[in-house]
Amino acid sequence: MSDIERRLRALEDRAALQDMAIRYFVAIDDDDYAALEDMFSSEMVFRVGTSAAGVGRADVLDYLREARGNMGVTIHTPDYILVDFEGEDTATGLVGAHLEIAMAGQSLYGAVRYRDRYVRIDGKWRFVEKQMLAFHVGPWADVHDSLTAERRVRWPGLDPQVADLPARSTDQ
């Protein structure tokens, strides 16, 4: 493969991975589990914070169905997508996004970062791991202090929690 062919393939791969990140959000918002299944490798792992919420494609899909069963309308809006290639058929991604979620009779707002790992299988890119890390999540009524409060993650029915990601990189 010539240098120009390698560079062109890298651009095509980057575009495919960025598109896949957006397709994931659309599929989640639309409850399109067939599309999600097609995006996941058989070894797929989904993490929320540091905890594995699902291991293996079927388990991850079950987890997502159950989680979505507690929600109404959701809107996932990507802010940025960074892709780093580790090899010809492997890559990592960092996806920043804002969330709007109807849950427990409330409208929630939040910001998260996904750490993704991708693998090319039979010529198609798939997720092999997704880790969702929260900056903040909570009711719209709490947006005024959602970035300044000590416990910035406020899911309905749970006690406020410390965010997965620090307010600043110097926070411990």
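The 3J(HN,Hα) values that the Karplus relation (6.51, -1.76, 1.60; θ = phi - 60°) gives for segment 27-38 are, in residue order, 5, 4, 4, 9, 6, 9, 6, 5, 5, 4, 4, 5 Hz. Gly and Pro appear as x. A Cβ-based charge dipole, computed about the Cα centre of segment 1-148 with Lys and Arg at +1 and Asp and Glu at -1, lands at about 200 debye. Positive contributions from Lys and Arg (+1) and negative ones from Asp and Glu (-1), summed over other residues with Cβ under 14 Å from the Cβ of Arg115, come out at -1.
Each residue of segment 8-25 was assigned a 3J(HN,Hα) from its phi angle through the Karplus curve 6.51 cos²θ - 1.76 cosθ + 1.60 (θ = phi - 60°); the sequence is 5, 5, 4, 5, 5, 5, 4, 4, 5, 5, 5, 5, 5, 4, 6, 4, 4, 4 Hz, with glycine and proline shown as x.
Computed 3J(HN,Hα) for segment 59-68, one whole-Hz value per residue from the Karplus formula 6.51 cos²θ - 1.76 cosθ + 1.60 where θ = phi - 60°, is 5, 5, 4, 4, 4, 5, 4, 5, 4, 5, glycine and proline marked x. Each of Gly72, Trp140, Pro166 was placed along the dipole of the chain (beta-carbon charges, centred on the mean Cα), and the one lying farthest toward the positive end is Pro166.
Counting neighbouring beta carbons within 10 Å and listing from fewest to most, the residues Tyr33, Tyr80 come out as Tyr80, Tyr33.
When the charge dipole of segment 3-145 is built from unit charges on Cβ atoms (+1 for Lys and Arg, -1 for Asp and Glu) and taken about the Cα centre, the candidate among Trp125, Ala15, Phe85 whose Cα reaches farthest toward its positive end is Phe85. Residue exposure proxy: Trp155, Trp140, ordered by other Cβ atoms within 10 angstrom of their Cβ from fewest to most, comes out as Trp140, Trp155. Bridges between two residues of segment 3-145, per DSSP, are antiparallel at a rate of about 90%. Along the axis of the charge dipole computed for the chain (Cβ charges of +1 for Lys and Arg, -1 for Asp and Glu, origin at the Cα centre), the listed residues Ile28, Tyr63, Leu108 are led at the positive end by Leu108.
Readers should treat all values here as calculations from the given coordinates under stated rules, not as data from a laboratory. Source: prediction; values computed, not measured. Note: ideal-geometry Cβ built from the backbone for every residue, glycine included; neighbour counts use all protein chains shown.
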